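Novice: Handing you this structure, nothing more for now.
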Amino acid sequence: MNKNIRNFSIIAHIDHGKSTLADRLLERTGAISEREFREQVLDDMELERERGITIKARAVRLVYKFAGEEYILNLIDTPGHVDFNYEVSKSLAACEGALLLVDASQGVEAQTIANLHLAQQNNLVLIPIINKIDLKNADIERTKEQIKSILKIDDEGILLISAKHGRGIEKVFEAVIERIPPPKALKPLQALIFDSKFDTYQGVIVYVRIFGGCLKPGRDIRFLATNEVHQVQKVGIFDPHPRAVEQLNCGEVGFFSANIHQLQDVKIGDTISEPAFSQEELGLAEFKQPSPLVFSGIYPVREGDFLSLRKALEKLRLNDSSFVFQPDSSPSFGQGFRCGFLGLLHMEIIQERLEREFNLELISTAANVTYRIKISNGEEIEVNNVGEFPCTVEIEEIKEPYIKGFIITPAAYIGKIMELSQERRGIYKGLEYLDEGRSLLNYDLPLSEIIVDFYDKIKSITQGYASFDYEFKGYFRGELVKLSILINGKPVDALSLVVPRDKVRQRGLNLVERLKNVIPKHLFEVVIQAAIDSQIIARATIKPLKKNVTAKCYGGDITRKRKLWEKQKAGKKKMKQIGEVKIPQEAFRAVLKI
């Protein structure tokens with residue numbers, strides 16, 4: 001039976017029709033009925049359907065008859081956005097092949113190349129497919145040339161389809177069966193954990209790909225990374241809904257539950273085997289765990305929600321192990337968590353999931369990256385919270401994370417893209433022409449300069465025709481300083497920034513002016529200052545709310561009015577000393593825009 005199993009993923013740039021192709025594959029194999037059908041079948045999360053993007057990888061079993069034999073095709077769906085690259089890498093680790101999908105009207109884009117590199121690192125068999133061939137602006141020949149260039153193949157290996165109208169779908173099934181090799185059988189039991197989620201009644205449900213042996217209820221298993229032993233309660237497959245089966249055999253993809261209620265017992269990328277074996281004796285190579293690139297503080301609006309937020313983060317991390325968190329305390333917001341994400345969209349999605357799925361009201365601070373700082377005693381420390389930055393006199397060297405950026409753009413916009421990249425402290429690395437009209441620009445960029453609006457700026461400059469992707473490169477020295485924000489003389493770390501030394505004065509002026517516009521007036525004067533250590537470089541003042549205390553005075557001696565004014569002045573001075581400035585969430589968005 002092993003020879004009739006195929007495990008594959010679909011990889012593509014965002015909006016190239018990956019979810020639509022998955023819909024057609026499910027329809028043709030009868031995995032879903034007409035009554036059940038809806039667009040983006042595998043995108044079952046509300047946020048995925050609202051935004052039209054895939055966030056979580058999904059596995060589904062398809063049964064297809066070819067040349068008189070029945071084949072089991074395990075499709076593991078993948079996201080297309082750069083922030084969810086980790087979901088793609090998890091899927092590819094459980095497969096032997098991948099469908100490389102390219103839009104005929106847009107051609108090869110940045111995420112296409114990034115996903116291609118991931119697939120090649122996993123030694124997967126690639127099946128190139130050109131989609132949307134029915135569009136009026138489809139340029140099939142140009143797209144073919146681009147694919148031939150990056151894959152070093154001829155025309156014969158490229159499939160032409162229209163996923164929307166179902167054209168060429170049979171050819172896709174044939175290519176999967178004929179080109180992708182069946183899984184190799186290993187011994188003893190070896191299963192790779194590629195995802196998991198928490199169920200209130202069953203505990204942790206673990207998604208696995210079986211590389212050797214079989215998994216069935218009543219069997220004892222060991223998690224090799226944590227060395228925990230559990231007894232399997234239930235095994236099943238997705239077709240596409242969860243369905244219990246008697247056992248999972250070598251090469252199959254499915255799930256199991258083992259009454260696991262300790263979330264830390266399950267680690268994505270771990271190997272499951274028999275209790276007699278250890279990690280040293282066997283173990284599939286773990287796929288690379290991601291390092292968070294963007295950090296932000298998340299705090300509950302209501303103090304009593306702190307424990308609820310902790311439980312929600314633990315459950316969410318089980319389902320998305322690409323973000324990390326640790327307890328944090330802020331003078332402005334109280335108890336919360338410092339969270340690490342793969343990008344700004346990832347951060348936004350996590351916050352929305354926390355609010356929707358766990359009914360929490362949250363405040364998040366401006367995003368920042370991790371810095372490596374060498375201090376005067378020779379020690380090197382990592383800092384991802386601006387509030388923990390040492391004084392300037394103690395710092396010998398600051399290193400910041402850089403990324404290797406790929407920008408695919410129409411040739412007409414090269415000049416503007418290069419100008420934007422240089423504004424963001426980019427280092428030019430090269431230019432390639434993919435064809436007559438499209439170019440690939442390579443830049444090394446500081447991560448802190450791209451996490452907020454760099455992608456949006458590129459889309460705006462090129463009228464939506466360019467694409468951008470990146471991979472982490474390393475840490476390099478930067479001329480940076482901490483720009484502190486003081487409200488009435490008190491530093492507010494959540495509003496502070498790390499900025500290039502040559503831009504610090506302009507950033508300080510912009511920031512205090514923005515904060516002046518978003519912080520509401522109080523009954524006392526609010527002074528906003530930007531400073532480097534003890535040196536004030538920018539200041540703005542929010543005038544207090546006024547009350548006419550002499551309105552009730554009709555004539556009489558002027559000394560009566562003066563007494564009231566002096567009393568009011570003394571009251572405002574006292575209030576300024578003991579009063580607290582309320583900082584709205586808009587203030588942190590203002591920092592984000594800076």
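The values are calculated or read from the model by the stated rules, or taken from the named source; none is laboratory data. Values in this document were obtained by computation on a predicted structure and should not be read as measured data. Backbone-built Cβ (ideal geometry, glycine too); neighbour counts: all protein chains shown.
Novice: Give the residue, chosen from I158, I133, I150, I127, that is more than 30 Å from P183 (Cα to Cα), more than 25 Å from the chain's Cα centre (by Cα) and touching a residue at least 12 places away in the same chain (Cβ under 8 Å). Let's see the steps before the verdict.
Specialist: Numbers: I158 fails: more than 30 Å from P183 (Cα to Cα); I150 fails: more than 30 Å from P183 (Cα to Cα); I127 fails: more than 30 Å from P183 (Cα to Cα).
None of the other options fit; the residue is I133.
Novice: Moving on to the next point. For the stretch 58-67, indicate whether the set of residues that are outside any strand (DSSP E or B), in contact with a Gly (Cβ under 9 Å, 6 or more places away or on another chain), modelled with pLDDT of 55 or more and basic (K, R) is non-empty. Lay out the reasoning, then the answer.
Specialist: Kept after step one, since they are outside any strand (DSSP E or B), are these residues of the stretch 58-67: 67.
Within this subset, residues satisfying the condition of being in contact with a Gly (Cβ under 9 Å, 6 or more places away or on another chain) are none.
Checking the stretch 58-67: not a single residue is outside any strand (DSSP E or B), in contact with a Gly (Cβ under 9 Å, 6 or more places away or on another chain), modelled with pLDDT of 55 or more and basic (K, R).
Novice: Something else now. Picking from K171, K164, K197, K136, which residue would you name as being surrounded by fewer than 21 Cβ atoms within 10 Å (Cβ to Cβ) and in a strand (DSSP E or B)? Give the derivation first.
Specialist: Numbers: K171 fails: in a strand (DSSP E or B); K164 fails: in a strand (DSSP E or B); K136 fails: in a strand (DSSP E or B).
Being surrounded by fewer than 21 Cβ atoms within 10 Å (Cβ to Cβ) and in a strand (DSSP E or B) holds for just one of K171, K164, K197, K136, which is K197.
Novice: Another question, if that's okay. Only residues that are free of Cβ contacts under 8 Å to residues at least 60 places away in the same chain and either under 16 Å from F306 (Cβ atoms) or over 22 Å from the mean Cα position of the chain (by Cα) (or both): list them for the stretch 352-378, please. Break it down into steps so the answer makes sense when it comes.
Specialist: If we filter the stretch 352-378 for residues that are free of Cβ contacts under 8 Å to residues at least 60 places away in the same chain, which is where we start, we get 354-355, 357-359, 373-378.
Passing the criteria: L354, E355, F358, N359, I373, K374, I375, S376, N377, G378.
Novice: May I pose another question? Could you please let me know if D453 is of a type in the set (D, E, K, R), surrounded by 19 or more Cβ atoms within 10 Å (Cβ to Cβ), closer than 30 Å to H13 by Cβ and in contact (Cβ under 8 Å) with a residue 12 or more places away in the chain?
Specialist: On the way: of a type in the set (D, E, K, R): yes; surrounded by 19 or more Cβ atoms within 10 Å (Cβ to Cβ): no; closer than 30 Å to H13 by Cβ: yes; in contact (Cβ under 8 Å) with a residue 12 or more places away in the chain: yes.
Against the criterion (of a type in the set (D, E, K, R), surrounded by 19 or more Cβ atoms within 10 Å (Cβ to Cβ), closer than 30 Å to H13 by Cβ and in contact (Cβ under 8 Å) with a residue 12 or more places away in the chain), D453 does not qualify.
Novice: Suppose the filter is part of a helix (DSSP H, G or I) and without any contact (Cβ under 8 Å) to a residue 40 or more places away in the chain; does S421 pass it?
Specialist: Details: part of a helix (DSSP H, G or I): yes; without any contact (Cβ under 8 Å) to a residue 40 or more places away in the chain: yes.
Yes: the conditions hold for S421.
Novice: Within the stretch 384-403, count every residue that is in contact with a Pro (Cβ under 9 Å, 6 or more places away or on another chain) and modelled with pLDDT of 85 or more.
Specialist: Just the residues of the stretch 384-403 that are in contact with a Pro (Cβ under 9 Å, 6 or more places away or on another chain), to begin with: 384, 387, 400-403.
Imposing the further condition that a residue be modelled with pLDDT of 85 or more reduces the set to 400-403.
Number of matching residues: 4.
Novice: Could you please give the count of residues in the stretch 323-337 that are touching a Lys or Arg at 6+ places or on another chain (Cβ under 9 Å) and not in a strand (DSSP E or B)? Reasoning before the result, please.
Specialist: Restricting attention to the stretch 323-337, the residues satisfying the condition of being touching a Lys or Arg at 6+ places or on another chain (Cβ under 9 Å) are 323-328, 331, 337.
Subsequent filtering for residues that are not in a strand (DSSP E or B) retains 323, 331.
Qualifying residue count, the stretch 323-337: 2.
Novice: May I ask you to list pairs of residues, at least six apart or on different chains, whose Cβ atoms are under 9 Å apart, with the first in the stretch 8-24 being in the same structural domain as A119 (by TED's automatic domain parsing) and the second being in a helix (DSSP H, G or I) and among the acidic types (D, E)?
Specialist: S19/E48
Novice: For residues that are charged (D, E, K, R) and assigned to a helix (DSSP H, G or I), scanning just the stretch 295-317, find the one that is farthest from the chain's Cα centre (by Cα).
Specialist: Step one: list which residues in the stretch 295-317 are charged (D, E, K, R), which gives 302-303, 305, 310-311, 314-315, 317.
Then keep just the ones that are assigned to a helix (DSSP H, G or I); that gives 303, 305, 310-311, 314-315, 317.
On the way: E303: 27, D305: 25, R310: 20, K311: 21, E314: 17, K315: 17, R317: 13 Å.
Per the criteria, the residue is E303.
Novice: Just one of (1) buried (at least 16 other Cβ atoms within 10 Å of the Cβ); (2) among the polar types (S, T, N, Q); (3) more than 30 Å from E141 (Cβ to Cβ); (4) free of Cβ contacts under 8 Å to residues at least 60 places away in the same chain trips up S439, so point out which.
Specialist: (3)
Novice: Here is a further query. Which is modelled with pLDDT of 90 or more and over 30 Å from I532 (Cβ atoms), of G415, G437, G426? Talk me through it step by step, then tell me what you get.
Specialist: Numbers: G437 fails: modelled with pLDDT of 90 or more; G426 fails: over 30 Å from I532 (Cβ atoms).
Step by step, each of G415, G437, G426 is checked, and only G415 is modelled with pLDDT of 90 or more and over 30 Å from I532 (Cβ atoms).
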